Amino acid sequence: MGEYMYFVCFLLVFGVRVNAEIERPRGVSISMASKYEPNNKQTFQCLDGSAQIPYEHLNDDYCDCADGSDEPGTSACTNGRFHCTNAGYTPKNIQSSRVNDGVCDCCDGSDEYEGKIECVNNCKELGKKLREEQDEKRRLHEEGFKKREGFIAEASTLMEGKKLKIKELETEKAEIQEKLKELEGKKTEAEGPEKEAKDKHEQAWKEQKDAREKERQAGKAREAFDDLDLNKDGFVDVFEIIPHLEFDIDSNGIVSEEEAKEHLEDHEKVDYEEFSSKIWGNIHSIYKKLVPDEPQQVTPPPVEPQGDTGVPVPTEEPQATRHLTPLPDEGDDFDDEDDEDDDDDEKSLLETTTSSYSEELPSGEDLFPPEVKEESAEEDKMPEYDEETKALIAAADEARKNYEEADKRSRDIDGEITTLTSYLNTDYGKDQAYAVLRDNCYEYTDREYTYKLCPFSTASQRPKSGGHETNLGRWGRWENDKTQVYDHGQNCWNGPDRSVKIHITCGPDHQLTNAYEPSRCEYAFDFITPCACDQHSQPQVKNLHEEL
């Protein structure tokens, strides 16, 4: 029906204009014909008002007017304009200098009237093709416009749905908040007995562990004391400390008497009670048990005779013994001088024993063999809770689970409301028609890159051969009703942040049709969509018979 009415109107307009045709000089359009009508004086007023000339001087191939208006049909004036009527096609104006230049500029051939060249009048064919193109554009626009109307209705329904969803979520959030208070109370109520039972169990276990540890430390102290008490006299003295290089405070390779005495808390010697209560706690982390080398013999150095009595050099090597301090036989009588000599010999002997012990065991914290340590570690594990405590823990776990699930749902609702609100607050253009583009992406690939546009979200590019995607910009704003701006993209090296302008035109489908970079780091996309097919974008149909 629309095409029929258009055809009827075309005939009516055509007929009227044919009947209304008036005489006018060559190269003058109908719209300008009245300005070229002869007056009573048969003169012509130059269109710029610069002069009046006799009417017969029009198109006499001589330029009389400064604006060239007296020679519309000749090439006399370089600034003149010749009108091509182009009946059946689009009229147009050309420079007068192109009249009769041997080139057909008008489809009706009216610019070459002298016959230098024979021009074929193909205005009807061109007009037919143009009308077909215009009809196709109009058809596509109408198709897109209908889709746009559908998108508007869809967007309206979508928006109302999201608003309704927000209300539902807010109602659910209020209910959950009330439920959370109740669940928090139950959780607190269940966690009290649980904590009390667990604390009681753990305290009992700690006491047992402390008792075992105390017993273990006592055993270690006893073993260390027996090991240090070389002469088995029930005391650990300074000279029995000296062979242990771990007590070398100044790290000079020798344990002096002062250093040994310092580890004995300034005592010359201590018994087991004092060792276990005062000494062991300070040295257990550094103490190391000595193990003699093979053949497990201690050879004392030769002793030079001293004084008149002297001490004979042993003729046989003594067997390895931990009693480094010689013990007198019963009935032997030693005077003070002999005692002093014996003390010197004992010191010398102790000093030499440090070189005869080469292999060391781990520190006092590691005196027990692996199997004993494993057994100890197993003992140090906290035993399982009793059934009553397990039941209390299970009840508390259930209360915590219920609370956490409700709390998580509350936080999820907040996230959903934020997302929905952001959606509703976005500007989707007139009548919200562009809302249907949200959450969709469109791509265009040229020789090097694949460009992607996700309306109201991001624009990006990635190498066609594969690789990292570059963010060209995030949704920013509308510059006008057909141009979007995406900015704050990835920064260009030594330049600005990338940005994109989206130029939108009417089309029957959503399609990204082109991408280019007008200036460094500033991109442009061409995007067609039915969303742009409003009345303002309707193609203007040219009246092909405006001028005859």
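The values are calculated or read from the model by the stated rules, or taken from the named source; none is laboratory data. Keep in mind that this is a model prediction, so the values were computed, not measured. Neighbour counts are summed over all protein chains in view; Cβ atoms, including those assigned to glycine, are modelled from backbone coordinates with ideal geometry. Note: areas computed on protein heavy atoms with side chains; ligands, DNA, RNA excluded. Shrake-Rupley method; radii C 1.70, N 1.55, O 1.52, S 1.80 Å.
Leaving out ligands, DNA and RNA, what percent of the accessible area of the stretch 371-526 is carbon and sulfur, probe 1.4 Å?
In the stretch 371-526, the share of accessible area belonging to carbon and sulfur is 46 percent.
When you filter the chymotrypsin sites (Phe, Trp or Tyr not before Pro) in the stretch 420-502 for DSSP loop state and at most 15 other Cβ atoms inside 10 Å of their Cβ, you are left with Trp493. Taking the Cα centre of the stretch 424-542 as origin and assigning +1 to Lys and Arg Cβ atoms and -1 to Asp and Glu Cβ atoms, the resulting dipole is close to 140 debye. If R0 is taken as 51 Å, the Cβ-Cβ distance between Ile249 and Lys408 corresponds to a FRET efficiency of 0.30. Computed from phi, the 3J(HN,Hα) profile of the stretch 483-497 under the Karplus parametrisation 6.51, -1.76, 1.60 (θ = phi - 60°) reads 9, 10, 10, 10, 10, 6, x, 4, 5, 7, 4, 6, x, x, 5 Hz, with x in place of Gly and Pro. Summarising the amide proton neighbourhood of Thr505: residues at separation of 5 or more, or on other chains, whose placed amide H is nearer than 5 Å comprise Phe527, Ile528, Thr529. Of the trypsin sites (Lys or Arg not before Pro) found in the stretch 36-124, those that fall in a DSSP loop while having at most 10 other beta-carbon atoms within 10 Å are Lys41. Considering only Thr470, Ser457, Tyr486, and ranking their Cα positions along the charge dipole of the stretch 425-501 that arises from unit charges at the beta-carbon of Lys, Arg, Asp and Glu, the one farthest toward the positive end is Thr470. Extending 7 Å from Cα along the Cβ direction at Glu398 and again at Lys186 yields two label points whose distance is 0.9 nm. Around the amide H of Lys92, modelled in the peptide plane, lie the amide H atoms of Cys84, all under 5 Å away and 5 or more residues distant in sequence or on another chain. In the context of the full set of protein chains, the stretch 61-141 has a per residue accessible area of 52 Å² (1.4 Å probe).
Can you compute the charge dipole magnitude of the stretch 176-264 about its Cα centre, using +1 on each Lys and Arg Cβ and -1 on each Asp and Glu Cβ, nothing else charged? Give it in debye, rounded to the nearest 20.
Details: 16 positive and 27 negative charges, 192 e Å.
Around 920 debye, computed over the stretch 176-264.
Residue separation of Gln45 and Ser422 scaled by 0.36 nm, minus their Cα-Cα distance, works out to 129.1 nm of gained length. Extending 7 Å from the Cα toward the beta-carbon at both Met382 and Asp271 defines two label points whose distance is 4.2 nm. The equivalent ellipsoid of the stretch 178-245 has semi-axes of 56, 12, 6 Å, largest first, where each one is the square root of 5 times an eigenvalue of the Cα gyration tensor.
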